[in-house]
Amino acid sequence: MLTALLAMAGLTLFLGLVLGFAAIKFKVEESPLVQKIDAILPQTQCGQCGFPGCKPYATAIAAGEADINQCPPGGEEGIQRLSELLGVEPKPLNAEHGVTKPKSVAVIDENICIGCTLCIQACPVDAILGAAKHMHTVIEAECTGCELCIPPCPVDCISMKPLQEDITTWKWKYPMYAIKHF
Amino acid sequence: MAYVSNSASVSSVMLKVLFALLPATAIYQLYFGPAILVSIVLASVTAIGAEAAMLRLRKLPIKPFLLDGSALVTAWLLALSMPPLAPWWLIVIATLFAIVVAKHLYGGLGNNLFNPAMVGYAVMLISFPAHMTQWPVVDTLAHAHLSLSGTLRFIFGGELPAGMKLDALTLATPLDTLRTQLLLGRPASEITPMPVFGYVGGKGAELIALAYLAGGVYLLQQRIITWHIPVAFLATLALLAFGFHAYDAARYAAPWFHLATGGALLGAFFIATDPVTGATTPKGKLIFGAAIGALIYLIRTWGGYPDGVAFAVLILNMCVPLIDAYTQPRVFGHVKDQDKP
Amino acid sequence: MRKLFDFHGGVHPAQHKAESATLPIATAPLPTRLIVPMHQHIGNRAKPIVSVGERVLKGQMIGQADGYISCAVHAPTSGTVSAIEMATVPHPSGLPDLCIRIEPDGEEQWVERTPLDYTTMNPSELRNRLRDLGLAGMGGAVFPSHAKLNPGRRANVPTLILNGAECEPWITCDDLLMRERADQIVAGGKIMQHMLGASEVLIGIEDNKPEAIQAMRAACAGTDFEVIVAPTKYPSGGAKQLTKILTGKEPPAGGRSTEIGVQVFNVATVYTLARAVLHGEPVISRVITVTGNVERPHNFEALIGTPVRELVALAGTPRADTQGYIMGGPMMGFNLPSDQAPLIKATNCLIATSPKLFPAPPPALPCIRCTLCAQACPVDLQPQELYWFSRAKEFGKAQEYDLFDCIECGCCDYVCPSNIPLVQYYRFAKSEIWAREREKDKADVARDRHEFRDYRIEREKKERADKLAAKTQGPKTPAPGQPAADSKQAAIQAAIDRAKLKRAGVEPKNVADLPPEKLQEIREIEARRAQLKQAMEKPSDTL
Ligand code: SF4
Ligand code: SF4
Ligand code: SF4
Ligand code: SF4
């Protein structure tokens, strides 16, 4: 009896040590976590999450200082993936931070633009081209649709244009006529 | 997306399975009396009722799912595996368990992990072991005969015609007999000449087994099943039996005896081949079948039950995801197994 | 007798070839208008090089290949360009794409055609010419042919396979082409043999086309070409499946068949190549099967750009119960979004559908894991697992189970007793995965650019601080103006002030490395802006 108890205690102790060791070992891998979170975030760099960009938000999530439901561009899918990565329950997007909108790009009405360069300074990814007092234009391929350039423009000549689906970006839809549920 | 299809449907598959069971059912009835028909009807009615009720509860369209025929197949297989002279509630509870718990609580058609018929059977075997041994005696040996009305009265009311004893109607199965007699120390050579045994298996039962074989060949020809599971199953069972029989013929029954008795052929062609709960890759099917065959031999020879089809199948059902994951076939144009786990 | 190999799986759907194979190929009359899409091939869309109102000649290049994997597009007849616009094209999405509309003048006036002397031409020059003649796979895949005719790093490709299997039901255009124009196909095969340096040329034909086999055998007499009859089984006409049947070799997954020394061309492609090289004719027409719910199923040689509506009318007045048109065969084709869509290089067949010929499938049931699909899959996939993962949107898992090896042949659909639209799930999963990849790439670019911007701002701040430090050594200047007020004018003022401060003859950095065209463009717009600015100047001053 006593030997059995001792054996059990010994085993528990041993397993505890292994677990503790593992915990310490895994702790070292915390900094890549920021990168893993950042890889899920959409990189729109819009600041709607309350942080000055995706990376700072990722850092805050990793540090446990921010919730996972603050990024509107990432939407429900982003939250889902964050919840999977972090092993927490997914939750609906926090409406305080905005709503998910269709992907868009900014367009500058080149006839109105006065070349004040304010939008250039606002753009988080340097997707706006132009020199001072010269017309400005948006590089469509690089624009993330963050809308940060809209408020600074003194003549309100920037608008958001939703991205159109074309033959090369079109996606097959989820088959809908199967019996639901299964 | 194909705009054309061969006209196969789930119901046509299930109908063919039922069709393949007909000869065996007919012979069963011929040798062991009408009780089997009563249990098939009982099980079928229960299964369809339970299926409809569950579909309704789960808010699924009833018609396409009822017409798929899978509940009927489960009922029929269950009835063929259970002792037909058992009281009516035994088969009803078994069927309910199979359809409600094993099938629908696991997600319904296509999603169940365990073979529903075998779940029903195993639960009954554990819960009501005494009732599960009321096997009818083959007609040629019977001291008394039960008519259809007598059968009905016995199954539903438990009463036998005056002067008839239950012992006259039931008898231990060949596998049971072999097992108990071996335990008593009698050599196999003395046991097999006993009246319950036939040429190679049980008297009458060996003919049913032959009919199962015929049904299985029909299913193979119709491409409803593939050869992998039955062949691996029966070959493993026969090989093990052969090895031990060769080693000590007095203590281990002959391979043909193992193949022809109990649920071996029913299991090999109709139960282990259930698509939903079986392995799906060719290699996986071989492993799956072989493991079931081996387990059956182990259970029959050293286990606590005379036959082991149900337990073997259920145990292997649990291993299916693992077997499938590790036996993915080489995809066209891939170098052998280069990117497989 | 050559030893034939078999591939796993495959199915035997009802043939329906007799309907359209009895009559010879007819030449379709000139349609009332031609709509020529710029994107008929795999790769980059061709760039229009004509303008609206311009008169074009038959065979004149109207769209220029854009890059290596691309193909030129030509005017199918002489006439006037009436529009360059987004129009309905034969694509499952139903989305419009760039097309050039031509009103035919009925004169059929050709451009100058010069045959190519392929034996003496520089191979790379020859390939460029083929690209400019619009050669692309006519079997349906429309991969630019010149790219496939490049032996690449290998000195040569020993085995050339001409694919005349035509395994899809209903389609007979290759059959008829082989029966009627076998000589041209053999001539094209010789050119390809030369270009690839192939030592053997195998022509694979399914045994359900005895007349084509006979015609090809006759045409091959006196050559070292070998006509090989393969048993009829769908999809033996898949390039990889045919390679396996004829050579026993499997083209590597995700790789090119040239890696195992084999190249496969559809016979219709070989035919157009012969026309192009020996006659200087670009690809402006093709043979197409019009069948199904029509009065006179038939094969037509029709101009690229012919509207489907006009083409099917040639096979008899459309029947009342016709629901739509499948482009391609019933196994791999898709429903055309509209009968206004034009014929393109890939259109080998149009099938008019009716509820009687193609009844809607019964509602799908759950997968019962019967593995009939796995037994039918020519690629040896486990379609039931792919279905499971695609349905659950577990795309990573689906890829692990080799989703991208699926050739979408539809064999699994065909046999599934639960009537699950399996291929639809695979297409859905594939396009989702591609979309995610694109999004990920975009996000990566955005991340890099954002990080660079942060770095740039840091650097500028430092530079300014340094400059300030340098200045404070000299006479003291007051700090620049107050923080900008809320009003827009103040903001502009602040911006201008800052711009003045910064201006040291330096242009903002992000225009420095622009290509000259872009700079030119900016200059032009700037000129326009200058005019506008004069009008704007005053009101903005009074703000
Ligand atoms: S809200 Fe904007 S800045 Fe914040 S993580 Fe999402 S995309 Fe990035
Ligand atoms: S902020 Fe507006 S006016 Fe100023 S440069 Fe940008 S687009 Fe032009
Ligand atoms: S054929 Fe259909 S039901 Fe059978 S395993 Fe494949 S997907 Fe499932
Ligand atoms: S469509 Fe894909 S999964 Fe289905 S049979 Fe063809 S290759 Fe296999």
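The values are calculated or read from the model by the stated rules, or taken from the named source; none is laboratory data. All values reported here derive from a predicted model rather than from experimental measurement. Here the Cβ positions follow ideal geometry from the backbone for every residue, glycine too, while neighbour counts run over all protein chains shown. All accessible areas refer to the heavy atoms of the entire protein, side chains included, with ligands and DNA or RNA removed. Shrake-Rupley method; radii C 1.70, N 1.55, O 1.52, S 1.80 Å.
Out of the residues in the stretch B:91-113 that are within 15 Å of B:L77 (Cα to Cα) and surrounded by fewer than 21 Cβ atoms within 10 Å (Cβ to Cβ), which is nearest to ligand 4 (Cβ to nearest atom)? Among residues in the stretch B:91-113 that are within 15 Å of B:L77 (Cα to Cα) and surrounded by fewer than 21 Cβ atoms within 10 Å (Cβ to Cβ), the one nearest to ligand 4 (Cβ to nearest atom) is B:L96. Mind listing whichever residues of the stretch A:145-166 are of a type in the set (V, I, T) and either open to solvent by less than 30 Å² (accessible area, probe 1.4 Å) or outside any loop (DSSP other than H, G, I, E, B) (or both)? Correct list: A:I158 only. From the list B:F233, B:F242, the one residue that fits, being surrounded by fewer than 20 Cβ atoms within 10 Å (Cβ to Cβ), within 15 Å of B:I296 (Cβ to Cβ) and out of contact with any Ser or Thr (no Cβ under 7 Å at 6 or more places or on another chain), is B:F242. Inside the stretch A:127-144, residues that are open to solvent by 20 Å² or more (accessible area, probe 1.4 Å) and within 16 Å of ligand 1 (Cβ to nearest atom) make up a count of 2.
When the test is whether a residue is in a helix (DSSP H, G or I), within 27 Å of C:G280 (Cα to Cα) and in contact (Cβ under 8 Å) with a residue 40 or more places away in the chain, C:L177 passes it.
Scanning the stretch C:246-291 for residues that are touching a strand residue (DSSP E or B) at 6+ places or on another chain (Cβ under 9 Å) and within 14 Å of chain B (Cβ to nearest Cβ) turns up C:T247, C:K249, C:P251, C:R256, C:S257, C:I260, C:V262, C:V264, C:T291. Here the stretch A:128-177 is the region considered, the condition is being small (G, A, S) and in contact (Cβ under 8 Å) with a residue 24 or more places away in the chain, and the residue that is farthest from ligand 2 (Cβ to nearest atom) is A:G145. Highlighted here are the helices (runs of 4 or more DSSP H) found entirely within the stretch B:156-256 that include at least 1 residues which are under 21 Å from the mean Cα position of the chain (by Cα): B:174-183, B:205-221, B:228-247.
For the structure I just gave you, tell me whether C:R113 is more than 15 Å from C:C71 (Cβ to Cβ) and surrounded by fewer than 24 Cβ atoms within 10 Å (Cβ to Cβ). Here the answer is yes, as C:R113 does meet what is asked. Among the numbered conditions (1) at pLDDT 85 or above; (2) open to solvent by less than 60 Å² (accessible area, probe 1.4 Å); (3) among the hydrophobic types (A, V, I, L, M, F, W, C), the only one that B:M194 does not meet is (1). Residues that are modelled with pLDDT under 90 and open to solvent by 60 Å² or more (accessible area, probe 1.4 Å) within the stretch C:126-149 comprise just one, C:A141. Among residues that are in contact with a Pro (Cβ under 6 Å, 6 or more places away or on another chain), under 30 Å from B:L60 (Cα atoms) and modelled with pLDDT of 80 or more, B:G110 is included.
Among the residues of the stretch C:380-407, write down those that are among the acidic types (D, E), without any contact (Cβ under 8 Å) to a residue 12 or more places away in the chain and either in a loop (DSSP other than H, G, I, E, B) or near ligand 4 (Cβ under 10 Å from one of its atoms) (or both). Once the filter is applied, which keeps residues that are among the acidic types (D, E), without any contact (Cβ under 8 Å) to a residue 12 or more places away in the chain and either in a loop (DSSP other than H, G, I, E, B) or near ligand 4 (Cβ under 10 Å from one of its atoms) (or both), the stretch C:380-407 yields only C:E394. Applying the criterion of being aliphatic (A, V, I, L, M) and more than 20 Å from the chain's Cα centre (by Cα) to the residues of the stretch C:277-301, the residue that is nearest to C:G63 (Cα to Cα) is C:V277. Residues in the stretch C:6-20 that are farther than 16 Å from C:E295 by Cβ and surrounded by 15 or more Cβ atoms within 10 Å (Cβ to Cβ): C:F7, C:H8, C:G9, C:G10, C:V11, C:P13, C:Q15, C:K17. Take A:G47 and tell me if it is within 6 Å of ligand 1 (Cβ to nearest atom) and buried (at least 21 other Cβ atoms within 10 Å of the Cβ). Considered against the rule, which asks whether it is within 6 Å of ligand 1 (Cβ to nearest atom) and buried (at least 21 other Cβ atoms within 10 Å of the Cβ), A:G47 comes out as no. Put simply, of C:E437, C:E400 the only residue that is within 23 Å of the chain's Cα centre (by Cα) and either charged (D, E, K, R) or within 10 Å of chain B (Cβ to nearest Cβ) (or both) is C:E437. Residue count for the stretch A:31-56, restricted to those that are in a loop (DSSP other than H, G, I, E, B) and either within 16 Å of ligand 4 (Cβ to nearest atom) or not aliphatic (A, V, I, L, M) (or both): 12.
Which members of the stretch C:408-450 meet the condition of being assigned to a loop (DSSP other than H, G, I, E, B) and surrounded by fewer than 24 Cβ atoms within 10 Å (Cβ to Cβ)?
Within the stretch C:408-450, C:E408, C:N419, C:P421 meet the criteria.
When C:C220 is tested against (1) closer than 18 Å to C:C167 by Cβ; (2) away from chain B (no Cβ under 14 Å), just one condition goes unmet, and that condition is (1). The numbered conditions (1) surrounded by 18 or more Cβ atoms within 10 Å (Cβ to Cβ); (2) assigned to a loop (DSSP other than H, G, I, E, B) are all true for A:A106 except (2). Taking residues in the stretch A:72-83 that are away from ligand 4 (no atom under 16 Å from the Cβ), and partners anywhere that are part of a helix (DSSP H, G or I), the pairs with Cβ atoms closer than 7 Å and at least 6 places apart or on different chains are A:P72/A:H97; A:G78/A:I40; A:R81/A:I40; A:L82/A:I37; A:L82/A:I40. Taking the criterion of being within 12 Å of another protein chain (Cβ to nearest Cβ), open to solvent by 10 Å² or more (accessible area, probe 1.4 Å) and touching a helix residue (DSSP H, G or I) at 6+ places or on another chain (Cβ under 8 Å), the residues of the stretch C:340-373 that qualify are C:P362, C:P363, C:L365, C:C367, C:R369, C:C370, C:L372, C:C373.
Of C:N299, C:N335, all but one fail to be within 14 Å of chain B (Cβ to nearest Cβ) and among the polar types (S, T, N, Q); the exception is C:N335.
Matching residues to (1) within 14 Å of ligand 1 (Cβ to nearest atom); (2) crowded, with 16+ Cβ neighbours inside 10 Å; (3) not assigned by TED's automatic domain parsing to the domain that holds A:I158:
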site: A:L41; (1), (2), (3): yes, yes, yes
site: A:A62; (1), (2), (3): yes, yes, yes
site: A:P72; (1), (2), (3): yes, yes, yes
site: A:G87; (1), (2), (3): no, no, yes
site: A:N111; (1), (2), (3): no, no, no
site: A:I114; (1), (2), (3): no, yes, no
site: A:I120; (1), (2), (3): no, yes, no
site: A:V125; (1), (2), (3): yes, yes, no
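Six or more apart or on different chains, Cβ under 7 Å: which pairs go from a residue in the stretch B:102-123 that's within 14 Å of B:V313 (Cα to Cα) and outside the structural domain of B:A312 (by TED's automatic domain parsing) to one that's of a type in the set (V, I, T) and not in a helix (DSSP H, G or I)? Could you list them? That search, which allows pairs on different chains as well, returns B:N112/B:V276; B:N112/B:T277; B:L113/B:T277; B:F114/B:T277; B:N115/B:T277. Each residue in the stretch B:1-54 was checked for being β-branched (V, I, T), open to solvent by 20 Å² or more (accessible area, probe 1.4 Å) and more than 14 Å from chain C (Cβ to nearest Cβ), and 5 pass.
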